[in-house]
Amino acid sequence: MKRVKPLIVLVSFLFFVVLLIPTLLVIPFSDKEDGKLAEELRKQQAVQTVKAKTQERGPAVEVAVYRSKEKRIEHIPLEQYVIGVVAAEMPAEFEMEALKAQALTARTYIVKQMLNDQPISLPKGANVTDTIMHQVYYSNEELKQLWGNDYDWKIKKITEAVEATRGQILTYNNVPIEASFFSTSNGFTENSEAYWENEFPYLKSVASPWDKQSPKFYNQTVMSVAEFQQKLGVTLPKDGSVGVVISRTPGKRVDVVEINGKRFKGREVREKLDLKSTDFTWVRKGDEIVITTKGYGHGVGMSQYGANFMAKEGKTYDQIVKYYYQGVNISSATAFLNKLTVKK
């Protein structure tokens with residue numbers, strides 16, 4: 001019986017080895033196959049990720065900007081252009097949500113401008129200028145000179161705001177809007193047709209009470225009676241009066257004013273006298289006219305200081321733009337950008 005036990009152990013061991021050998025032979029090949037499959041899956045996921053990011057970012061579009069100082073056309077990638085516009089048009093010190101709202105208006109404006117392809121007073125091949133005729137644009141080099149030691153944090157903040165809204169524009173009935181904006185209201189924004197000829201359903205007067213906190217809310221201009229008369233082509237009455245407001249706009253600005261029998265539109269007076277807004281009052285003091293204005297800019301669309309104070313109160317950029325532009329949607333720009341690439 002003592003000799004039988006080792007024999008049983010040996011037989012058991014051989015049986016175990018026979019069972020194990022096929023498994024040992026298969027495992028290395030299984031690992032290799034699994035490795036190949038895993039690697040292939042990683043490659044496919046990487047390709048899909050790149051495709052998704054490309055679709056999200058939209059097609060590569062460049063803006064042909066006429067650089068007014070150098071008198072040349074510069075081709076600038078769309079998002080880089082938006083960064084340069086936001087940096088030029090809104091203080092970097094403003095709240096992030098206000099900067100995002102400004103990025104939306106800047107991108108919407110240029111996409112609509114390029115789609116319309118109506119370059120008024122532009123050199124051939126240019127989409128826009130870098131001035132207030134369209135949107136002010138500064139390059140990185142210009143911003144470095146302008147901001148000095150503050151360049152790094154300011155450009156980082158503005159770039160983040162633009163990136164957060166990448167590929168987004170404002171639309172009304174699936175069409176990019178006229179994304180007009182200005183610095184400071186008189187407490188109300190203005191109907192588009194009250195300042196310009198065209199009426200847009202999303203550019204209607206809304207209350208903007210936050211603007212009273214803006215450092216640009218009040219302004220005073222003093223000019224001689226002679227200069228006032230010369231600029232407007234009028235003769236002031238001898239009773240010491242200046243003019244009478246005949247009517248006001250929905251945004252509480254001067255619509256029509258009469259000066260010694262001659263009538264003017266508020267916008268005409270603003271432009272001829274170089275006033276900050278069309279909400280003005282005046283008084284004659286001896287040989288001088290003292291003119292006080294409320295607000296800064298045409299008043300149509302988004303108030304920049306209003307947007308900033310709304311952001312301080314916790315409003316998000318989508319809430320801000322939908323307040324100032326009535327009935328609009330935030331939409332993907334991809335379909336519109338595809339049209340631009342087809343044009344080329």
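Placing a label point 7 Å from the Cα of Val222 along the Cα-to-Cβ direction, the residues of the stretch 277-305 whose backbone N falls under 16 Å of that point are 282-293. Cβ-Cβ distance of Asn149 and Glu199, R₀ of 51 Å, FRET efficiency by 1/(1 + (r/R0)^6): the value works out to about 0.65.
For the stretch 217-311, what Kirkwood radius comes out of the mean inverse Cα-Cα distance, in Å? For the stretch 217-311, inverting the mean 1/r across all distinct Cα pairs yields 14.0 Å. Put in order of Cβ neighbour count within 10 Å, fewest first, the listed residues Met310, Met96 become Met96, Met310.
Between Ala164 and Ser241, the distance separating the two model label sites (each 7 Å from Cα on the Cα→Cβ line) works out to 5.3 nm. Using 0.36 nm per residue and subtracting the Cα-Cα separation, the extra length available between Arg263 and Asn329 on full extension is 19.8 nm.
Histogrammed with a bin width of 5 Å, the alpha carbon distances of the stretch 113-161 distribute as 4, 18, 19, 18, 13, 13, 11, 3 percent, first bin at zero. The label point for Lys339 and the one for Lys231, both projected 7 Å from the Cα toward the Cβ, are 4.1 nm apart.
With the Cα gyration tensor of the stretch 276-344 giving a ≥ b ≥ c as the square roots of its eigenvalues, does the rule (a/c under 1.5 for rounded; else a/b larger than b/c for prolate; else oblate) give rounded, prolate or oblate? Judged from the Cα gyration tensor, the stretch 276-344 comes out oblate (a/c at least 1.5, b/c at or above a/b).
Once the convex hull of the alpha carbons of the stretch 161-204 is built, what does its volume come to per residue, in cubic angstrom?
Numbers: hull volume 4.4 nm³, N = 44.
Expressed per residue, the convex hull around the Cα atoms of the stretch 161-204 is 101 Å³.
With neighbours defined as other Cβ atoms within 10 Å of a residue's Cβ, the residues Tyr218, Tyr325 order from fewest to most as Tyr218, Tyr325.
None of the figures in this text is laboratory data; all of them are computed from the coordinates on show. The model shown is predicted, which means the values in this text are computed figures rather than measured ones. Neighbour counts run over all protein chains shown; Cβ positions are idealised from the backbone, glycine included.
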